[in-house]
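S.K.: I'd like to ask some things about the structure below.
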Amino acid sequence: MGRPFILINLKTYAEGSGQRAHAIAGAAQQVADEAGVDIGLAPSYMNIHPLSMHYSLPVYAQHVDPLPPGAHTGSVTVEAIREAGAVGSLVNHSERRLTLADIEACVSRLREARLVPIVCTNNVPTSAAAAALSPGYVAIEPPELIGGDVSVSTANPGIITGTVEAVRKVNPDVRILTGAGIHSGKCVRTAIDLGTDGVLLASSVVKAKAPISVLRDLVSLL
Ligand code: G3P
């Protein structure tokens, strides 16, 4: 297993936009350097380019449309996020669900562009199905725990171990993240001990008064 990966989804939180996105990115860069942990950011489209220019952290899109460049008003293509500096994209986040056909098309287009697809799933069978598409990562997140104070690591460890087993059986090269309610070093440690490669999280860092303190705690047991 490689180094643990912590991906911070800034969603569309006001606290994660504009200059506040820079403040979180600066804190994340500092903690990644201090702790030797890989930390990535998934900001809004507006911040992909500025963050990828100013920081060495990998930047991901939160969503991408499965369309080629052309006459598709209002869509965001794989080519556009790559040119903005993204190294990959979330696909099928629970706040941006896609059809199976669109998930497959997003994963294929991202892979063709040499970007990393991170497919979000909500249970063990969808994790197995996502693994069959050979994305870079499957990210298991029980939707009912997203944004709350109780983490998936403590509330539903079975969904993590079930996903790890199912994904490894389908394609052992696919890395696994888990998320929903992750807020402390203990949550991250448990997720890693259950067999994942890291975590996907949002509110505990983005909405914190001092994101750097939360980030330091998140990496403290790695
Ligand atoms: O994409 C991460 C996410 O859905 C989990 O959100 O706020 O529970 O960490 P949160």
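The values are calculated or read from the model by the stated rules, or taken from the named source; none is laboratory data. From a predicted model like this one, the values you see are computed outputs, not experimental measurements. Ideal geometry is used to build each Cβ from the backbone, glycine not excepted, and the neighbour counts take in all protein chains shown. Ligands, DNA and RNA are excluded from the accessible area calculation, which covers all protein heavy atoms including side chains. Shrake-Rupley method; radii C 1.70, N 1.55, O 1.52, S 1.80 Å.
S.K.: Against the definition (at positive phi and either hydroxyl-bearing (S, T, Y) or over 17 Å from the mean Cα position of the chain (by Cα) (or both)), how does S153 come out, yes or no?
M.R.: Here the answer is no, as S153 does not meet what is asked.
S.K.: Could you tell me which numbered condition V150 fails, if it satisfies all but one of (1) open to solvent by less than 10 Å² (accessible area, probe 1.4 Å); (2) within 15 Å of the ligand (Cβ to nearest atom)?
M.R.: In the conditions (1) open to solvent by less than 10 Å² (accessible area, probe 1.4 Å); (2) within 15 Å of the ligand (Cβ to nearest atom), V150 misses (1) alone.
S.K.: Under 6 Å between Cβ atoms, which residue pairs at least 6 apart in sequence (or on different chains) link something in the range 187-216 that is over 19 Å from R168 (Cβ atoms) with a partner that is within 14 Å of the ligand (Cβ to nearest atom) and assigned to a strand (DSSP E or B)?
M.R.: From residues that are over 19 Å from R168 (Cβ atoms), the pairs are V188/V199; L201/G179; A202/N9; V205/I8.
S.K.: Across the range 163-194, what is the total count of residues that are open to solvent by less than 20 Å² (accessible area, probe 1.4 Å), more than 13 Å from the ligand (Cβ to nearest atom) and either of a type in the set (D, E) or not in a helix (DSSP H, G or I) (or both)?
M.R.: Result for the range 163-194: 2.
S.K.: For Y60, work out the one condition from (1) open to solvent by 50 Å² or more (accessible area, probe 1.4 Å); (2) within 17 Å of L201 (Cα to Cα) it doesn't fulfil.
M.R.: (1)
S.K.: Residue check: is A27 under 25 Å from G185 (Cβ atoms) and open to solvent by 30 Å² or more (accessible area, probe 1.4 Å)?
M.R.: Judged against the criteria, A27 is not a match.
S.K.: Mind listing just one residue for me: the one in the range 195-222 that is at pLDDT 95 or above and open to solvent by 50 Å² or more (accessible area, probe 1.4 Å) and, of those, nearest to the ligand (Cβ to nearest atom)?
M.R.: It comes out as K207.
S.K.: In the range 97-117, what count of residues is obtained for those that are touching a residue at least 40 places away in the same chain (Cβ under 8 Å) and open to solvent by 40 Å² or more (accessible area, probe 1.4 Å)?
M.R.: Going through the range 97-117 one residue at a time, the tally reaches 2.
S.K.: A further question follows. Taking only pairs six or more apart or across chains, which ones have beta-carbon atoms under 8 Å, a first residue in the range 118-135 that is β-branched (V, I, T) and at pLDDT 95 or above, and a second residue that is in a helix (DSSP H, G or I) and open to solvent by less than 10 Å² (accessible area, probe 1.4 Å)?
M.R.: Note: pairs meeting the criteria are V119/V107; V119/A130; T121/S127; T121/A130; T121/T163; V124/T163.
S.K.: Would you confirm, using the coordinates I've provided, whether S153 is under 25 Å from D33 (Cα atoms) and assigned to a helix (DSSP H, G or I)?
M.R.: no
S.K.: Find all pairs meeting these conditions: Cβ atoms under 9 angstrom apart; at least six residues apart or on different chains; first residue within the range 26-44 and closer than 10 Å to V219 by Cα; second residue among the acidic types (D, E) and not in a helix (DSSP H, G or I).
M.R.: Pairs found: A32/D38.
S.K.: Would the range 74-89 turn up any residue that is open to solvent by 50 Å² or more (accessible area, probe 1.4 Å) and outside any loop (DSSP other than H, G, I, E, B)?
M.R.: Yes, the conditions are met somewhere in the range 74-89.
S.K.: Considering every residue within the range 33-45, establish whether at least one is buried (at least 16 other Cβ atoms within 10 Å of the Cβ), of a type outside the set (A, V, I, L, M) and in contact with a helix residue (DSSP H, G or I) (Cβ under 6 Å, 6 or more places away or on another chain).
M.R.: Yes - at least one qualifying residue is present in the range 33-45.
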